[in-house]
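Participant: Take this structure first; my questions come after.
Read the figures in this text as sums done on the coordinates, not as results from a lab. Just so it is clear, the structure is predicted and the values come from calculations on it, not from any experiment. Note: ideal-geometry Cβ built from the backbone for every residue, glycine included; neighbour counts use all protein chains shown.
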Amino acid sequence: MRYVEPKKFYEDNLFSPESDAADWWRVCWIFEKVMLLLGVTAAIENIWWLLPILFFPFSMSWLYRAAVEGKVGTGYPDLEVGDVMGISLFGWIIGLVCLIWFGVAV
């Protein structure tokens, strides 16, 4: 997976490519690809109500992965309380949008 990981993972900083955050980055990256594949399959098969259900975990995974990438180059590479609060705030907003989207699709 080294060819898809950000180069910042392997620069000389406090971030370890073998850390838990890097492992979660890899899990989120693979999970996003699976959700995209399922979403494209649902769109091809005209299962429109499934798209908002798939979009929510996809977007939450993307947010977490982006937060890990954003913290890598800083002096303290672990997620802090403010980062998690931002992820949860956007999670509530995305959840509300997906709920409305699901109501419209059904």
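Participant: Among ASP78, ASP23, which is the only one that is among the acidic types (Asp, Glu) and either surrounded by 16 or more Cβ atoms within 10 Å (Cβ to Cβ) or not in a helix (DSSP H, G or I) (or both)?
Facilitator: The match here is ASP78.
Participant: Which number in (1) under 16 Å from ILE87 (Cβ atoms); (2) not in a helix (DSSP H, G or I) marks the one condition that ILE47 misses?
Facilitator: With (1) under 16 Å from ILE87 (Cβ atoms); (2) not in a helix (DSSP H, G or I) applied to ILE47, the lone miss is (1).
Participant: Next question. For the range 61-83, enumerate the residues that are more than 13 Å from the chain's Cα centre (by Cα) and hydrophobic (A, V, I, L, M, F, W, C).
Facilitator: Hits for the range 61-83 are VAL72, LEU79, VAL81.
Participant: Between residues in the range 10-32 that are small (Gly, Ala, Ser) and residues that are in a helix (DSSP H, G or I) and surrounded by 15 or more Cβ atoms within 10 Å (Cβ to Cβ), which pairs lie under 9 Å by C-beta distance while being six or more apart or on different chains?
Facilitator: Sorted first by the residue in the range 10-32, then by its partner, the pairs are SER16/PHE9; SER16/ALA22; ALA21/VAL68; ALA21/LYS71; ALA21/VAL72; ALA22/PHE9; ALA22/VAL68; ALA22/VAL72.
Participant: Does TRP62 satisfy the condition of being aromatic (Phe, Trp, Tyr) and in a helix (DSSP H, G or I)?
Facilitator: Yes: the conditions hold for TRP62.
Participant: Further question: Could you grab me the full set of residues in the range 42-70 that are within 22 Å of ARG26 (Cβ to Cβ) and either without any contact (Cβ under 8 Å) to a residue 24 or more places away in the chain or acidic (Asp, Glu) (or both)?
Facilitator: Scanning the range 42-70 gives LEU54, ALA66, ALA67, GLU69, GLY70.
Participant: Same structure again: If you check LEU89, LEU63, LEU54, which single one turns out to be farther than 20 Å from ASP20 by Cα and touching a helix residue (DSSP H, G or I) at 6+ places or on another chain (Cβ under 6 Å)?
Facilitator: LEU54
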